[in-house]
Amino acid sequence: MIGVARDRSQTNRQFPVTGSMPPPSLAISSKLPDVGTTIFTVMSQLAAEHGAINLSQGFPDFPAPEGLLDRVRHHLGAGHNQYAPMAGLPALREQIARKTLALYGRQVDADAEVTVTSGATSALFCAIEAVVQPGDEVLCLDPAYDSYDPAIRLAGGRAVHIPLREPAFSVDWDRVRSAITPRTRLLIINSPHNPTGAVLSPADMAALAELVRGTRLLLLGDEVYEHILFDGQRHESLLRYPELAERSLVVSSFGKTYHATGWKIGYCVAPAALTRELRRVHQFVQFCVVTPLQYALADFLESDPGHYLDLPAFYQAKRDQFCALLQGSRFRFTPAAGTYFQLLDYSAITDEPDVDYARRLTVESGVACIPVSVFCAEPMLTPRLRFCFAKDLTTLERAAEILRRI
Ligand code: PMP
Ligand code: GLN
């Protein structure tokens, strides 16, 4: 079978949503009956309960840039505390448009083509609700970030899961092509890729362009790690390629770029017709996004573009530190090409399923990570665990010391 509709029952049986049942007259039939609590919540809670070093959910343990925090304090004090414009603060949308031109060579209209959202999660959700009609098929490449599949199903669509090719987690474009049917409406692309750290190459973009030419396929680009690529690689944004950009909704997140995942501010860049539909949904999901933070981000994008330009080197140093610290352990790995996640193959240690081993590592050894199989419809050839290295050196050292002893 080329693509399969995801059966999450295996995963979610292990993470049931708890609570007492309502009386029969008040019972509702769930729209997502097989969906449990997300793995990020499950593993972070488990880490907290057991005092484990939390390398599971992806967030830095160091602060946002002081200059940015200063701007937040300023705008809070200056009274920028009422609703922002629905599509986003014009000054912030202008900065996003400028960044898009400077980095990807694409001129976008800040008024008609840029929308500020409550994190990338909301941008992805609104984009999917906006373009997927009941019965449409949406292609997802597994392992796939966990919010895509439920959003597709809530829109009445069917997620068709196509595995990436292990061990490099590259896209098998022929396989993608053969999964396309007259019902296929959307392909979701995530590069740099969470959880594998793989990145798309120029050859991938050429294959993608050939694949979609002459079709009705739209593209949803999840590019939240657009500034976190290593070893001199260039981010292959959909926005670089006019023939791809004209059919793309491209999503990013300031949470990743500014070490502030709790702010939940992201955005979507898309041609005007797609943006119009996106905003039709966005205005009723959240209407608008935290005003003082938008002011602060607009200031900081203008004054300190060096922050995101320095991110590759900043995170490459962390990746290299973490990988060096793991030398001599029984975990096997290829250093991540992008993102702040490192996959580890633990097959030399145990043949336990990754979900079980991730729990045991957290509870017994004191290091929490994410089992990658929960992002896959089909079992992986080699089970792997994902570790977040967006951490201070001392955190990485403490975690690696434990992992080396295993
Ligand atoms: N997509 C991917 C691939 C992610 O890793 C994340 C979160 N880390 C998101 C979307 C959601 O981003 P946000 O926290 O801005 O909602
Ligand atoms: N995207 C983050 C990760 O991959 C988690 C986001 C969340 O907790 N929902 O770890």
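The values are calculated or read from the model by the stated rules, or taken from the named source; none is laboratory data. These numbers come from a predicted model, not from an experiment. Cβ coordinates were reconstructed from backbone atoms using ideal geometry, including for glycine residues, and neighbour counts include every protein chain displayed. Ligands, DNA and RNA are stripped out before the accessible areas are found, and what is left, the full protein with its side chains, is counted by its heavy atoms. Shrake-Rupley method; radii C 1.70, N 1.55, O 1.52, S 1.80 Å.
Of all residues in the stretch 32-49, those satisfying the criterion of being open to solvent by 50 Å² or more (accessible area, probe 1.4 Å) and more than 14 Å from ligand 2 (Cβ to nearest atom) are Pro33, Glu49.
Note on the stretch 262-284: among residues that are within 16 Å of ligand 2 (Cβ to nearest atom) and assigned to a helix (DSSP H, G or I), the one that is nearest to Arg73 (Cα to Cα) is Trp263.
Taking Tyr308 and the conditions (1) more than 16 Å from ligand 1 (Cβ to nearest atom); (2) surrounded by 17 or more Cβ atoms within 10 Å (Cβ to Cβ); (3) within 29 Å of Glu243 (Cα to Cα); (4) at pLDDT below 95, which numbered condition does it fall short on, given that it satisfies the others? Here Tyr308 clears every test but (1). For the stretch 184-223, a residue qualifies if it is touching a Gly at 6+ places or on another chain (Cβ under 6 Å) and more than 14 Å from Ile162 (Cβ to Cβ), and the qualifying residues are Pro192, Gly197, Val199. Of the residues contained in the stretch 122-137, one or more are found to be without any contact (Cβ under 8 Å) to a residue 40 or more places away in the chain and either among the acidic types (Asp, Glu) or away from ligand 1 (no atom under 16 Å from the Cβ) (or both). Residues in the stretch 85-138 that are under 21 Å from Phe284 (Cα atoms), part of a loop (DSSP other than H, G, I, E, B) and more than 19 Å from the chain's Cα centre (by Cα): Pro85, Met86, Ala87, Gly88, Leu89, Val132, Gln133, Pro134. For the stretch 49-59, the candidate set comprises residues that are outside any loop (DSSP other than H, G, I, E, B) and closer than 15 Å to Thr395 by Cβ; within that set, the residue that is nearest to ligand 1 (Cβ to nearest atom) is Asn54.
Report whether or not Ala144 is under 18 Å from the mean Cα position of the chain (by Cα), closer than 22 Å to Arg240 by Cβ and buried (at least 22 other Cβ atoms within 10 Å of the Cβ). The answer is no for Ala144.
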